[in-house]
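First comes the structure, then the notes that go with it.
Since every read-out is calculated from the coordinates, none of them should be taken as a lab result. Model, not experiment: these values are computed from the prediction. Cβ placement follows ideal geometry from the backbone for every residue including glycine, while neighbour counts extend to all protein chains displayed.
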Ligand SMILES: NC(=O)c1ccc[n+]([C@@H]2O[C@H](COP(=O)([O-])OP(=O)(O)OC[C@H]3O[C@@H](n4cnc5c(N)ncnc54)[C@H](O)[C@@H]3O)[C@@H](O)[C@H]2O)c1
Ligand SMILES: [Zn+2]
Ligand SMILES: [Zn+2]
């Protein structure tokens with residue numbers, strides 16, 4: 001069928017809305033009509049060489065199932081779904097309930113292609129365009145997903161807002177609640193309060209952390225962090241940042257979480273912990289992390305994918321928290337028509353819009 005999709009052809013160029021020919025769903029695939037697609041910082045990775053172009057990105061889609069493949073039993077035509085990352089559900093980690101660490105996570109999610117190298121879509125000239133980004137490529141009117149990476153949600157929910165639960169919000173909240181298991185009455189420092197970091201701040205409140213410190217370079221993001229439950233904020237360039245955190249936490253935090261990927265910040269995230277402290281890293285790392293001999297003594301550092309969450313378990317939990325008024329992730333969202341996707345990307349990269357959600361057909 002013909003679909004409209006935002007195609008990145010030149011890593012340095014704009015995203016251009018094009019008509020593509022999308023294959024029919026395979027036995028375990030579903031065709032989803034996208035109603036909203038969140039933009040996550042990871043969507044810019046093809047611009048810096050992580051995946052070849054031409055490609056359709058977008059990996060926080062939500063929409064309505066229009067066609068199901070012959071072997072699909074877990075989802076039906078008309079179901080409302082949130083699309084998340086893909087996994088095989090068969091490898092040892094998947095079977096142990098850890099699909100974020102699926103043995104084929106990287107090729108399934110970060111190549112834009114199926115495991116056999118095919119894409120599932122061609123452009124007007126018949127050339128292949130990668131459309132399997134995180135098993136979806138949802139910056140489009142429609143996309144193919146698998147029966148593994150769609151999570152059915154209640155039809156009464158505002159579906160267009162739900163897509164970001166599939167990656168960025170899940171990563172921030174899951175890191176706190178699933179991966180690091182932050183305990184009540186403890187201290188948490190979040191470095192970088194964009195979409196992932198602010199979800200971590202909100203989840204810190206849910207977990208019962210009593211001291212929540214937000215660190216960022218943007219004052220308006222720090223102000224929002226305070227509204228969402230941070231107890232203290234510091235500017236990332238504060239010359240005595242480590243000293244300030246140690247004073248506020250009485251000698252070091254129990255948990256820290258880095259979303260910046262900046263090696264110097266990652267070092268501070270480890271240094272600000274007391275012994276027994278746990279540090280979670282999720283940001284795409286922007287250089288080698290070199291630690292001195294005592295940096296890890298008595299401390300734990302975790303590299304986390306997707307909050308270590310199983311979307312089929314964790315997305316319903318986040319929705320319950322949101323409905324209970326305890327996880328207002330919708331406050332991070334600003335909607336844009338798909339035709340303004342380049343503006344949304346520019347604003348997000350400049351630190352403006354925290355979580356753009358693109359609306360196809362507009
Ligand atoms: N591991 C995963 O599974 C996973 C999932 C989703 C996103 N990510 C990654 O997480 C990171 C964050 O994603 P996001 O969508 O929240 O991005 P974002 O750009 O909205 O947030 C990053 C924040 O870090 C701040 N920052 C940058 N340098 C800083 C510094 N030196 N000190 C303090 N703050 C600083 C920025 O101002 C910004 O607010 C990205 O690298 C993204 O690719 C990883
Ligand atoms: Zn697997
Ligand atoms: Zn993402």
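Of note:
- The label point for residue 154 and the one for residue 226, both projected 7 Å from the Cα toward the Cβ, are 3.5 nm apart.
- Where only DSSP H runs of four or more residues are counted, the chain gives -6000 deg cm²/dmol as its mean residue ellipticity at 222 nm, each run worth -39500 (n - 2.57).
- Relative contact order (%) - criterion: Cα under 8 Å, at least six apart; region: the chain: 17 percent
- Shape of the stretch 134-184, Cα gyration tensor, a/c cut at 1.5: prolate
- The Cα center of the stretch 279-351 and the Cα center of the stretch 1-63 differ in position by 20 Å.
- Rounded to 5, percent antiparallel among DSSP beta bridges of the chain: 55 percent
- The stretch 31-103: C-alpha gyration tensor shape, a/c 1.5 cut-off, then a/b vs b/c: oblate
- Cβ crowding within 10 Å averaged over residues, with 311-319, 341-349 ranked highest first: 311-319, 341-349
- Calculated P(r) tail over 25 Å for the stretch 121-260, as whole % of Cα pairs: 41 percent
- Inter-part distance, the stretch 168-212 to the stretch 110-130, computed on C-alpha centroids, equals 37 Å.
- Mean projected area of the convex hull spanned by the Cα atoms of the stretch 1-125, taken over all viewing directions: 8.2 nm².
- In terms of the mean number of neighbouring beta-carbon atoms within 10 Å, the peptides 201-209, 240-248 order highest first as 201-209, 240-248.
- C-alpha long axis of helix 195-207 to longest principal axis of the chain, angle in °: 60 degrees
- For the stretch 202-305, the alpha-carbon radius of gyration amounts to 1.02 times the rule-of-thumb value 2.2 N^0.38 Å expected for a compact globular protein.
- Three-way shape call for the stretch 76-171 based on the alpha-carbon gyration tensor, with the a/c threshold at 1.5: oblate
- For residue 77 and residue 90, the difference between the fully extended length at 0.36 nm per residue and the C-alpha to C-alpha distance is 2.2 nm.
- Each residue, residue 115 and residue 313, gets one label point 7 Å from its Cα in the Cβ direction; the gap between the two is 2.2 nm.
- Panel note: the C-alpha atoms of the chain, placed on their principal axes, show extents of 61, 40, 37 Å (largest first).
- Between residue 292 and residue 103, the FRET efficiency estimated from the beta carbon spacing at R0 = 41 angstrom works out to 0.75.
- Sorted on the mean count of surrounding Cβ atoms within 10 Å across their residues, most packed first, peptides 323-333, 286-296 read 323-333, 286-296.
- Neighbour-count ranking [beta-carbon atoms within 10 angstrom, fewest first] of 115, 15: 115, 15
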